[in-house]
Amino acid sequence: MDVHLSPSRVRGRARAPPSKSYTHRALLAAGYGDGTVVRDPLDSADPHATGRAVTAFGGSVEWDEDGSAARVEGFDGRPETPEDVIDCGNSGTTMRLVTAAAGLAEDLVVLTGDGSLRSRPQGPLLDAVASLGGRAESTRRNGQAPLVVGDGMAGGEVSIPGDVSSQFVTALLMAGAVTDDGVAVDLETELKSAPYVEITREVLADFGVDSERTGTGFRVPGGQSYRADEYAVPGDFSSMSYLLAAGAVAAADGESVVVEGARPSAQGDSAIVDVIERMGAGIDWDREAGEITVRRSSLSGVTVDVGDTPDLLPTIAVLGAVADGDTRIGNAEHVRYKETDRVSAMAEELETLGASVTEEPDSLTVHGDDSALRGGTVDGRGDHRLVMALAVAGLVAEGETTVRGAEHVEVSFPGFFETLAELGASVRRD
């Protein structure tokens, strides 16, 4: 699907969807347990992939028609061997969290996904499962899906790199809690995207599972049970970032955009509030009410480290194209291993729209003074975050901007374009 955007001024109130990160973890935590109602889940493609995995392991997930709840019957700690291959779709989080869960199965589990997911690195997690007593192999022997995992992972101590994906740590902690011995994860390198592990630990605690930081990593004791009658998913700051950026670059004179559902949590992507404030937009966060108000003003370039917040790179890059001076997004090498290489993809697509950028192996610099956004046709490359960030650029680019592959917003923000239109954006879909 193509979406066409024209220069617009936006105003009003909007609510970002529930957190995808919390929804994944809550669904699987409920699966490890014996029954939980997950309130306000993100009802989209990626969480549904995790729900299918829970069902394949012997549980069940029923989604309310209005999307207000997912009712999970768990597999009570130990997953059954599925009758068929588990298809994780485009969801990297599902693949990684489910890989460790599959390691607990008595027999073997086969995991696969779409073309993008089958190109993403899983090797360190496979090595970890194997070192903990399970079997974990790539069918192509390249550390990428399809994967074959199982043979009853026992737990113990394991050493993994921290600079590929924090999801490896999350997967091992969630599975380790139900092993006999527990799991201690020793990090060989600096942990990237560290706030996502804190999200995991927050969800574990809400399900009655203990975990702890150690001097060199994390540990979860074994023999624990997941228990929660209900769990409420908070709003998603990754998705909020596009609405906040839209307000910062395109709010009508004297007007503002108010984003609801912004209650404090362990989400690292709440850093977008600080980034926008440092760039010079008027932004206020009422934490008690869970509302962020943003007003348009002249922006100036800043330097941002996205080591802990990789999903913010596309949003910050678009803000940099509108700002005065340079915006340097650093510590970004791991952002190349998402649904697409987001560093290279944003560089190329922003250049299509008239931005001046410099791409380096671990950074992206946007030269605002040399950028003049103009309409054009850009490709979302099957990546929901690219689609939404480029759509924000379309609000301020001269002429019409066409974003190809716009349907991929369904992964994390169903209704994104309807929300933009309700704020006053000129949006037309083929």
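What follows is calculated from the coordinates using simple rules that are stated; it is not laboratory data. Quantities reported herein were computed from a predicted structural model and do not represent experimental measurements. We place every Cβ from the backbone using ideal geometry, glycine too, and count neighbours over all the protein chains shown.
Apply the a/c threshold of 1.5 to the C-alpha gyration tensor of the chain and tell me whether it is rounded, prolate or oblate. Provide the component values of the computation, followed by the final result.
On the way: a/c = 1.89, a/b = 1.69, b/c = 1.11.
Cα axes put the chain in the prolate bin.
If you take the square roots of the eigenvalues of the alpha-carbon gyration tensor of the stretch 239-358 and sort them as a ≥ b ≥ c, do you get rounded (a/c under 1.5), prolate (a/b over b/c) or oblate?
Working: a/c = 2.04, a/b = 1.31, b/c = 1.55.
Here the stretch 239-358 falls in the oblate category.
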Calculate one ³J(HN,Hα) per residue across the stretch 184-192 by plugging θ = phi - 60° into the Karplus curve 6.51 cos²θ - 1.76 cosθ + 1.60, and present them in order as whole Hz with x for glycine and proline.
10, 9, 9, 8, 7, 9, 4, 7, 8
Can you grab the distance from the C-alpha centre of the stretch 217-252 to the C-alpha centre of the stretch 121-199, Å, no decimals?
22
Let me have the 222 nm mean residue ellipticity of the chain computed from DSSP H runs of 4+ only, each contributing -39500 (n - 2.57), with the sum over all residues rounded to the nearest 500.
-9000 deg cm²/dmol
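Please report the antiparallel percentage of the DSSP beta bridges confined to the stretch 20-232, to the nearest 5.
Values: 22 of 32 bridges.
Around 70 percent antiparallel, to the nearest 5.
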On C-alpha positions alone, give me the angle between the axis of helix 45-56 and the longest principal axis of the chain, in degrees, nearest 10.
10
Of all chymotrypsin sites (Phe, Trp or Tyr not before Pro) in the stretch 229-288, the ones in DSSP coil with at most 12 other Cβ atoms within 10 Å are none
With θ set to phi - 60° and the Karplus curve 6.51 cos²θ - 1.76 cosθ + 1.60, what are the ³J(HN,Hα) couplings of the stretch 159-166 in order, to the nearest whole Hz, using x for Gly and Pro?
10, 9, x, x, 9, 9, 7, 5
Integer Hz, Karplus 6.51/-1.76/1.60 couplings in order for the stretch 281-297, x for Gly and Pro
6, x, 9, 9, 10, 8, 5, 5, 7, x, 10, 10, 10, 10, 10, 6, 7
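State, as an integer percentage, the relative contact order of the chain based on alpha-carbon contacts under 8 Å between residues 6 or more apart. All intermediate terms of the calculation are to be shown ahead of the outcome.
Numbers: 1148 pairs, mean separation 81.5, N = 430.
Relative contact order here is 19 percent.
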Please work out whether the stretch 20-232 counts as rounded, prolate or oblate from its C-alpha gyration tensor, where a ≥ b ≥ c are the square roots of the eigenvalues and a/c under 1.5 means rounded, while otherwise a/b larger than b/c means prolate and anything else oblate?
rounded
What does the charge count near residue 192 come to, summing +1 for each Lys or Arg and -1 for each Asp or Glu among other residues with Cβ under 9 Å from its Cβ?
-4
What whole number of Å gives the distance from the Cα centroid of the stretch 328-370 to the Cα centroid of the stretch 37-99?
33
Calculate how many DSSP beta bridges within the chain are antiparallel, expressed in % of all such bridges and rounded to the nearest 5.
70
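Report the longest stretch of the chain that contains none of the GluC sites (Glu not before Pro) sitting in a DSSP loop with at most 10 other Cβ atoms within 10 Å. Show your work: numbers first, answer last.
On the way: sites that count: 65, 83, 288.
In the chain, the maximal stretch lacking such sites is 84-287.
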How far is helix 20-32 tilted off the main Cα axis of the chain, in degrees rounded to 10, range 0 to 90?
10
Give me 238, 68 sorted ascending by neighbouring Cβ count inside 10 Å, so fewest comes first.
68, 238
